[in-house]
Amino acid sequence: MPACTVIGGGLAGCEAAWQLTRAGCDVDLWESKPAAFSPAHASPLLAELVCSNSLGSDDPLTAPGLLKAELRRAGSLVLRCADEARVPAGGALAVDRREFARRATTAVALEPRVRLRRGVLEAVPAGPVVVASGPLGFGPPARELQRLLGDALHFYDAIAPIVDADSVDMARAFVGNRWDRERATGEAAYVNCPLSRGEYQALVRALREGRKVAPRGFEEPRYFEGCLPVEVLAARGDDALAYGPLRPVGLEPPPGWPRPYAVLQLRPEDEARTCFNLVGLQTRLTYPEQRRSFRLVPALHRAEFVRLGSIHRNSYVDAPRVLGPELELRARPEWRLAGQVTGVEGYVESTAMGLLCGRLLAARLQGLAPAPPPPETALGALHRHVTRPRKEGAAYEPAAITHGLLPPLPGRPGRRDRRRLHLERALRALEAWLAPAG
Ligand SMILES: Cc1cc2nc3c(=O)[nH]c(=O)nc-3n(C[C@H](O)[C@H](O)[C@H](O)COP(=O)(O)OP(=O)(O)OC[C@H]3O[C@@H](n4cnc5c(N)ncnc54)[C@H](O)[C@@H]3O)c2cc1C
């Protein structure tokens, strides 16, 4: 089997290299540290957690917990080290970050099939390459990605909050697409949350006055005009939002309802419509201020947020446009991407994209036809999010794992049953996927 080069010894790079060695591949793993650090990295160890020491919920009834259960079952090095370095944190998997990184570094360094190379690789060799240089990657691989991908490589990540569908007060919202009547576009996609003038003004005030998360030193607050934080837009003028993302034009409320001054649109995140994205409301407000401000919208007065908004520096690709099913770059198929750069968010999701990249590449090098994990699994749901073609005009947004990414369950089970059924279905499907490889 040809040797592989893995660039980046973070969570995804370590995991991809580990999976490749399990299948008998030799790996040159390049890590720039300690010769060169990104602005967020500080330790010479591999698998550095740059911020929180929590890997999120470990309850398998939650989507992040399910993803962890699957990673453990699939033989993840990162999860093994996390379990070994675990510290008490209620239902979350939190780790002693130094101990965690030390264990991962030792495991990789002692693996006979890995040649650990320290430094910035000046010329990327021919043959299979996994780019796992992370959201703050730099040097020749980052430059080559930029050259190959142009505007399909993003540097800022603007995230709008997502609400649980069950927490939207549908008595104060209406369903319909913009200009529906004229266009008769078929099934209405959007849930529209109307605001009176007074309600709109209260929201604008809350957005302007709410506390914002201060940018880190290396995150210049330099936004693309197309994805301005909602509070920046609100500061531009009293009606900037009413003419922007909250414009009511073309949205027809039911007969007898007052004409709205502004409308906040909710776009379904998943086919089963279990959660909705707040369209255009990417924000840098602190989490408590987001909850307080967005609950001023009458239909969201009791909203439960599945994810809150944020904006930060993040290199990621427009994955459905540029990646094939084995996470290979269409423009350069011998290069594959792993980790956050594929367009996922978070430590465990990035690990998952390292594991998948490693396993899919190993299968290809063994002359097998690599099959992606089934979409009913959390691993498969992430793979599908990253590789499935978008609807025309829809921008690609990096995803963290949620149940909304999994295909709907048959029938309409209640919330508690839904979680259990997702877990059972996912673990069954995962066993079937892992079985051929033993
Ligand atoms: C400031 C910040 C805070 C974050 N906070 C959280 C959080 O609290 N919780 C959470 O879940 N996620 C958080 N994330 C996201 C999280 O860091 C990533 O999801 C995860 O670390 C990505 O894993 P990765 O392996 O893709 O990249 P990384 O873990 O970043 O690993 C990339 C590795 O590649 C190396 N590298 C880069 N360029 C080169 C090169 N040219 N040659 C060789 N090596 C190179 C780097 O030194 C690094 O070791 C945060 C991200 C940032 C930037």
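The values are calculated or read from the model by the stated rules, or taken from the named source; none is laboratory data. Just so it is clear, the structure is predicted and the values come from calculations on it, not from any experiment. Reconstructed Cβ throughout: ideal geometry from the backbone, glycine too, with neighbour counts over all protein chains shown. Note: areas computed on protein heavy atoms with side chains; ligands, DNA, RNA excluded. Shrake-Rupley method; radii C 1.70, N 1.55, O 1.52, S 1.80 Å.
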Which of Gly137, Leu423, Gly90 sits farthest toward the positive end of the charge dipole of the chain, with +1 on the Cβ of Lys and Arg and -1 on the Cβ of Asp and Glu? Gly90
What's the carbon and sulfur percent of region 161-308's accessible surface, probe 1.4 angstrom, rounded to a whole number? 51 percent
Run the numbers for Val249 and Arg118: contour at 0.36 nm per residue of separation, minus the present Cα-Cα distance, in nm. 41.5 nm
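Hey, got the dipole for the chain? About the Cα centre, +1 on K and R Cβ, -1 on D and E Cβ, debye to the nearest 20?
340 debye
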Could you give the dipole magnitude of region 109-199 about its Cα centre, charging the beta-carbon of Lys and Arg +1 and that of Asp and Glu -1, in debye to the nearest 20? 500 debye
Would you kindly state how much longer the chain becomes between Ala42 and Arg412 on full extension, computed as 0.36 nm times their sequence separation minus their alpha carbon distance, in nm to one decimal? 128.4 nm
Estimated distance in nm for a label pair at Glu144 and Arg388, the labels positioned 7 Å out from Cα along Cα-to-Cβ: 3.2 nm
Region 327-352 versus region 354-387: alpha-carbon centroid distance in Å: 11 Å
Once the Cβ-Cβ distance between Ala109 and Arg197 is put in as r, and R0 is 60 Å, what FRET efficiency do you end up with, to the nearest 0.05? 0.40
Dipole of the chain, positive direction: furthest Cα of Pro254, Ala369, Pro128, with charges on the beta-carbon: Pro254
Around Leu430, what is the net charge, scoring Lys/Arg as +1 and Asp/Glu as -1 over all other residues with Cβ under 9 Å from its Cβ? -1
Segments 142-155, 119-132 sorted - mean Cβ within 10 Å per residue, highest first: 119-132, 142-155
May I ask which residue of Val279, Gly210, Leu195 lies farthest towards the positive end of the charge dipole of region 161-308, with charges of +1 (Lys, Arg) and -1 (Asp, Glu) on Cβ and the Cα centre as origin? Gly210
Give me the accessible area per residue for the chain, probe 1.4 Å, as a whole number in Å². 44 Å²
Using the Kirkwood radius built from alpha carbon pairs, what does the Stokes-Einstein equation give as D for region 80-136 at 10 °C and 1.306 mPa s, in µm² per second? 113 µm²/s
Please report, largest first and rounded to whole Å, the three semi-axes of the ellipsoid equivalent to the chain, where each semi-axis is the square root of five times an eigenvalue of the C-alpha gyration tensor. 39, 24, 20
Please compute the length gained on full extension between His312 and Ala35, using 0.36 nm multiplied by the number of residues separating them and subtracting their Cα-Cα distance. 97.2 nm
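Provide, as a two-decimal number, the C-alpha radius of gyration of region 161-308 over 2.2 N^0.38 Å, N being how many residues it has.
Scaled against compact globular proteins, the figure is 1.04.
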For region 161-308, the dipole about the Cα centre with charges only on Cβ (Lys and Arg +1, Asp and Glu -1), to the nearest 20 debye, works out at 460 debye
